[in-house]
Number of protein chains: 2
Amino acid sequence: MAQLSTDFPQCLPRQMIRVGQGRKICLYFQSMKFSELALGQTATRTIRLTPEMIAGFADVTGDHNPLHTDPAYAEPRFGGIIAHGVLLVGFFSAILATQLPGPGSVARSLNVRFKAPARPGDDVSIEVKIIELVPKIRKAVLEGRAFVGDQILLQISAEALLEE
Amino acid sequence: MAQLSTDFPQCLPRQMIRVGQGRKICLYFQSMKFSELALGQTATRTIRLTPEMIAGFADVTGDHNPLHTDPAYAEPRFGGIIAHGVLLVGFFSAILATQLPGPGSVARSLNVRFKAPARPGDDVSIEVKIIELVPKIRKAVLEGRAFVGDQILLQISAEALLEE
């Protein structure tokens with residue numbers, strides 16, 4: 001479980017990371033080794049989706065599809081703007097990178113199936129579970145889903161390679 | 001081909017979109033109908049990857065893996081910070097959303113295989129090509145890749161559904 005804080009009396013040097021110009025945070029993460037992983041291990045996180053996240057994602061990727069930025073354009077089809085699907089994929093890979101397996105792991109593949117859109121104000125929950133471990137190449141296969149209440153937004157599977 | 005401009009004497013109302021608090025741009029896009037698509041159609045875009053894009057992506061997704069934010073942490077393994085793989089997936093879906101097929105299309109699935117990391121300062125090129133069309137449900141299947149020079153960064157395939 002990762003915790004972000006700007007107040008870090010107990011922060012180890014390797015946990016103090018730069019996140020922008022001059023800004024630092026202490027990332028209290030459990031960076032797991034391959035030998036510490038087990039089939040069935042899970043991690044979850046719930047994120048309140050904000051208009052700023054959607055606008056920020058549009059800015060960094062250049063994806064200014066008006067379905068994501070213009071309420072009037074998006075109204076007839078979706079009743080208002082919707083989040084980029086790949087933003088939700090980013091929430092998923094953030095769990096891989098900071099919780100399970102944690103920092104040091106890199107994604108090798110992703111397979112995503114989008115089921116329903118997310119909207120500003122939604123509390124999006126992401127669940128991740130280890131379904132396969134390949135010790136020879138320190139590979140973990142994970143599957144997950146994003147949902148809001150009873151509504152599944154996407155199903156995803158991923159392969160992650162661990163450094164140690 | 002989409003062009004962004006803040007100077008829009010010829011902008012049609014449907015092309016003037018909101019991209020943030022009070023900001024508007026004119027998106028001169030060719031929003032394609034399913035009947036205008038053909039097998040083999042391609043779109044490309046090259047993006048100079050900046051540290052600000054990587055920091056912005058970390059902020060909106062919460063993916064503060066120090067491989068993406070802390071040069072000292074990333075140095076031993078990658079010789080410096082690397083971009084989030086899903087940021088490159090965002091560049092790919094931005095082409096789908098603004099060039100081919102264009103606004104109004106939504107992604108139904110994505111399959112990504114990561115081959116090599118991208119770094120700040122890289123000119124990342126994205127190529128997209130239509131490889132299958134399913135008229136009954138107005139579905140286009142596209143495949144693409146991201147590369148820097150001769151180095152392939154990722155291979156991707158996607159299904160997109162068109163509104164009309």
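The values are calculated or read from the model by the stated rules, or taken from the named source; none is laboratory data. Quick caveat: nothing in here was measured; it's all calculated off a predicted structure. Note: ideal-geometry Cβ built from the backbone for every residue, glycine included; neighbour counts use all protein chains shown.
Counting only helices (runs of 4 or more DSSP H) that fall entirely inside region B:62-132 and contain at least 3 residues that are among the hydrophobic types (A, V, I, L, M, F, W, C) and more than 9 Å from chain A (Cβ to nearest Cβ), no element qualifies.
Select from region A:48-61 the residues that are more than 7 Å from chain B (Cβ to nearest Cβ) and within 30 Å of residue A:101 (Cβ to Cβ) and write down the one among them that is surrounded by the fewest Cβ atoms within 10 Å (Cβ to Cβ).
Restricting to residues being more than 7 Å from chain B (Cβ to nearest Cβ) and within 30 Å of residue A:101 (Cβ to Cβ), the top hit is A:48.
Which of (1) out of contact with any Asp or Glu (no Cβ under 7 Å at 6 or more places or on another chain); (2) more than 7 Å from chain B (Cβ to nearest Cβ); (3) not aromatic (Phe, Trp, Tyr) does residue A:141 not meet, given it meets every other one? Residue A:141 satisfies every listed condition except (1). Only one of the numbered conditions (1) surrounded by fewer than 16 Cβ atoms within 10 Å (Cβ to Cβ); (2) at pLDDT 95 or above; (3) over 21 Å from residue A:41 (Cβ atoms) is violated by residue A:113, and that is (1). May I ask you to say which residue of A:130, A:95 is at pLDDT 95 or above and in contact with a strand residue (DSSP E or B) (Cβ under 9 Å, 6 or more places away or on another chain)? Exactly one residue qualifies, and that residue is A:130. Selection of first residues in region A:47-62 that are closer than 12 Å to residue B:52 by Cα and of second residues that are of a type in the set (Phe, Trp, Tyr) and surrounded by fewer than 20 Cβ atoms within 10 Å (Cβ to Cβ), restricted to Cβ pairs under 9 Å at least 6 apart or on distinct chains, gives an empty result. In this structure, residue B:154 qualifies as surrounded by 16 or more Cβ atoms within 10 Å (Cβ to Cβ), within 23 Å of residue A:104 (Cβ to Cβ) and more than 9 Å from chain A (Cβ to nearest Cβ).
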